[in-house]
1. Check which residues have an amide H placed less than 5 Å from ILE121's amide H, if you skip close sequence neighbours.
2. Going by amide H atoms built from the backbone, whose H comes under 5 Å of the H on ARG60, apart from near neighbours?
3. Give me the number: length gained by fully extending VAL44 to THR128, i.e. 0.36 nm times residue separation minus the C-alpha to C-alpha distance, one decimal in nm.
4. Using a basic spin-label model with each label point 7 Å from the Cα along Cα→Cβ, how many nm lie between TRP83 and SER142?
Amino acid sequence: MRGHRELGSEQVMNLLAGKTRAVVVTLTFALLLLTACSHATKPVPPPVTLGFCGNNLQVRPGVVLVVCNTDDITARSLIWSDWGKPTASAKGSATVDLCAFTECASGDYIYVPIEMTASKIVHCSKKTRAYSTLRYVFPRGSPFKNMPAIGYTTGFLGQDQTVPPKNQTVRLTC
């Protein structure tokens, strides 16, 4: 038999090992392709935002105007935790105008710690979700020492609202 030769056992083993590797590589590639396609169909929800006084939606804002249309209380240097979850919290520093609820000729500003909790995520549009409730607390007590328990101010979106000097829950809109 011309041109035909017998393979040794080592050559047969190498040939089988090569074919086995080719089958394993092909099956692995098919499995990876199927896995990638199944993950691609899952929609990714839009990020959760928070609006400054009902507009300017931002993710993890570093500054929040607590009392809208004024600089009576402005939270700054906010560090958020659990952002995007049903309840997110932040710690930072608040610039507070002590003259906001009394008669002063000019502002008397101090800086105090503030803690904020954003909650109640709502869908604003197909591409936007936002926290609808914001609560703030002064952990060391009210900076308004000689104030009654409740003061009044024109606040969120120009509406008259009650502003307890110690803490407040504000309703937000998209």
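1. SER132
2. Those lying under 5 Å, H to H, from ARG60 are LEU50.
3. On the way: separation 84, 0.36 × 84 = 30.24 nm, distance 1.19 nm.
Stretched fully, the VAL44-THR128 segment lengthens by 29.0 nm.
4. That separation, rounded to one decimal, is 3.2 nm.
Here, each number is a calculation from the coordinates, and none is a lab measurement. Every value quoted in this text rests on a predicted model; they were computed, and no experiment measured them. Virtual Cβ from ideal backbone geometry, glycine too; neighbours counted across all protein chains shown.
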